[in-house]
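Structure first, then comments.
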Amino acid sequence: MTFSPGATLGILGNGQLGRMCAQAAHTMGYKVIALGPGDDSPTQQVTDIAFAADFSDMDAVRKFAKAADVVTLEFENIPVETLNEVNRWAPLRPGCFVLETTQHRIKEKTFLQNHGFPVTEFLEVNSLEDLQKSVTQLDCSAILKTAAWGYDGKGQTTVEPTDDLTRIWADMDTDAAILEAKVDFQNELSIMVARGSDGHTVCYEPTLNIHRRHILDVSRALGDFDNATIEDAQTIARGVVEALDVVGVLCVELFQTEGGKLLVNELAPRPHNSGHLTIDAHVTSQFEQQARAACGLPLGDPTQKQPALMINLLGDLWQNAPPPWEKILATPGCHLHLYGKHPAKVGRKMGHLTITGKTVTEVLSRASLVDHFLQRT
Ligand code: AMP
């Protein structure tokens with residue numbers, strides 16, 4: 001079903017992803033409403049109506065869903081009861097099955113494995129005894145992650161076969177976890193794919209992602225990958241979005257091993273931080289793509305127009321004084337996106353910069369100038 005411009009798009013969540021999706025939908029003439037806790041959040045600041053309520057507030061959820069023609073989301077960890085309630089009143093895109101699968105690491109990895117997608121070896125761990133058995137079985141460096149609610153490296157720890165497992169399990173403070181064989185990766189990359197309500201898919205090229213303190217720091221769309229890797233990543237991304245029957249955008253985070261093999265690390269059934277550079281560097285941004293997919297419109301052209309690199313702006317950069325915007329924005333090809341968050345706390349994603357240029361060398365020299373102004377060490 002198609003919802004033409006002028007209709008009301010509902011967004012579950014209130015962060016920067018919802019904000020940028022709302023902005024893209026507004027540009028196309030949609031009304032946008034959002035539901036999420038708090039007030040004056042990045043999404044709420046730019047929507048026509050903000051339903052400021054917890055996801056568990058079923059009255060608010062019902063009112064929100066009744067006011068929307070179609071609903072999408074910017075955050076996958078939403079209770080299943082809330083998703084079902086939304087779906088009673090308005091089509092939810094992507095649907096409940098996608099979210100139930102991707103909000104739980106065991107379900108997600110099992111789904112991927114059962115459908116033949118490459119993943120690192122993993123075992124389900126629900127007790128100290130499970131952990132002891134699993135560590136013996138894997139017999140290598142491993143990563144223990146909570147099954148739900150983990151992001152940016154939170155709720156995970158490295159485990160060596162010789163470690164004190166009793167202490168590690170007590171520190172995890174969970175009864176549902178996954179133990180994954182640690183991947184000795186050469187690169188971390190991700191790829192955005194969109195799928196429309198008619199099943200048509202469009203795929204971007206992968207970005208190379210660099211993390212600092214477990215948080216995405218830089219995403220590069222600078223032609224870092226050879227054609228075989230791009231094709232592999234696109235085949236996996238298209239395969240996953242179809243197998244999961246996603247309507248919307250999906251990010252597939254991947255590891256590239258020393259031998260060049262790709263392994264899926266995790267999925268995000270929504271726009272992703274590593275896709276922010278599509279706003280300034282591509283014909284159609286990931287956010288416009290999400291709005292198009294949710295509303296049943298034809299998907300846009302994912303072609304990249306120019307080389308680009310994205311730098312995340314964390315609250316750390318504000319601790320002495322705000323960054324020197326005049327100098328930064330005097331740099332050619334520098335695009336600033338701030339999310340309207342306050343206060344600027346250490347580790348908080350306040351915004352991002354996308355740096356574009358005619359050539360890779362131009363982008364890199366502009367980026368090093370910006371790094372210098374930001375005093376990033
Ligand atoms: P995640 O929350 O699963 O995205 O993990 C956060 C980060 O931890 C990733 O970006 C990787 O740098 C690292 N990581 C997660 N899982 C593994 C793994 N199985 N092997 C090696 N590094 C990992």
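The values are calculated or read from the model by the stated rules, or taken from the named source; none is laboratory data. Keep in mind that what you see is a predicted model, and the values were worked out from it rather than measured. All Cβ positions, glycine included, derive from the backbone under ideal geometry; neighbour counts span all protein chains shown. With ligands, DNA and RNA removed, areas are computed over all heavy atoms of the protein, side chains included. Shrake-Rupley method; radii C 1.70, N 1.55, O 1.52, S 1.80 Å.
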Inset, instruction - Excluding Y204 itself, calculate the net charge of residues whose Cβ lies under 15 Å from the Cβ of Y204, where each Lys or Arg counts +1 and each Asp or Glu counts -1. - result: -2
Inset, instruction - Would you work out if segment 131-186 is rounded, prolate or oblate? Take a ≥ b ≥ c from the square roots of the eigenvalues of the alpha-carbon gyration tensor; rounded if a/c is under 1.5, else prolate when a/b is larger than b/c, oblate otherwise. - result: oblate
Inset, instruction - Note down the net charge around Q16, summing +1 for each Lys or Arg and -1 for each Asp or Glu among other residues with Cβ under 13 Å from its Cβ. - result: +4
Inset, instruction - Considering only N114, N209, N187, give the residue with the highest GNM mean-square fluctuation for the chain, with springs between Cα atoms whenever their separation is below 10 Å. - result: N114
Inset, instruction - Before anything else, pin down the relative contact order of segment 63-177: Cα pairs under 8 Å, at least 6 apart, normalised by residue count, whole percent. - result: 21
Inset, instruction - Pick out, in residue order, every one of the trypsin sites (Lys or Arg not before Pro) in segment 252-336 that is DSSP loop and has at most 10 other C-beta atoms within 10 Å; say none if there are none. - result: none
Legend entry - Rg/Rh ratio calculated on Cα atoms of segment 253-336 (Kirkwood radius): 1.06
Legend entry - Highest-fluctuation residue, M20, M192, M58 considered, GNM on the chain with Cα pairs under 10 Å: M58
Inset, instruction - Give the longest segment of the chain that steers clear of chymotrypsin sites (Phe, Trp or Tyr not before Pro) in DSSP loops with at most 15 neighbouring Cβ atoms within 10 Å, not counting the sites themselves. - result: 152-377
Legend entry - Projected-area mean, segment 217-271, by convex hull of Cα positions, square nanometres: 4.4
Legend entry - Charge dipole magnitude, Cβ of K and R +1, D and E -1 - segment 189-246, Cα centre, debye nearest 20: 320
Inset, instruction - At 1.4 Å probe size, with every protein chain present, just tell me what the per residue accessible area of the chain comes to in Å². - result: 42
Legend entry - Hydrodynamic radius by Kirkwood, which averages 1/r over all alpha carbon pairs of segment 42-142, in angstrom: 16.3
Legend entry - Per DSSP, loop trypsin sites (Lys or Arg not before Pro) in segment 147-195 with at most 13 further Cβ within 10 Å: K154
Legend entry - Percentage, to the nearest whole number, of Cα pairs in segment 170-267 over 18 Å apart: 52
Inset, instruction - Return the carbon/sulfur percentage of the accessible area of the chain, one whole number, probe 1.4 Å, all protein chains in place. - result: 49
Legend entry - the chain: Cα Rg divided by the 2.2 N^0.38 Å rule of thumb: 0.98
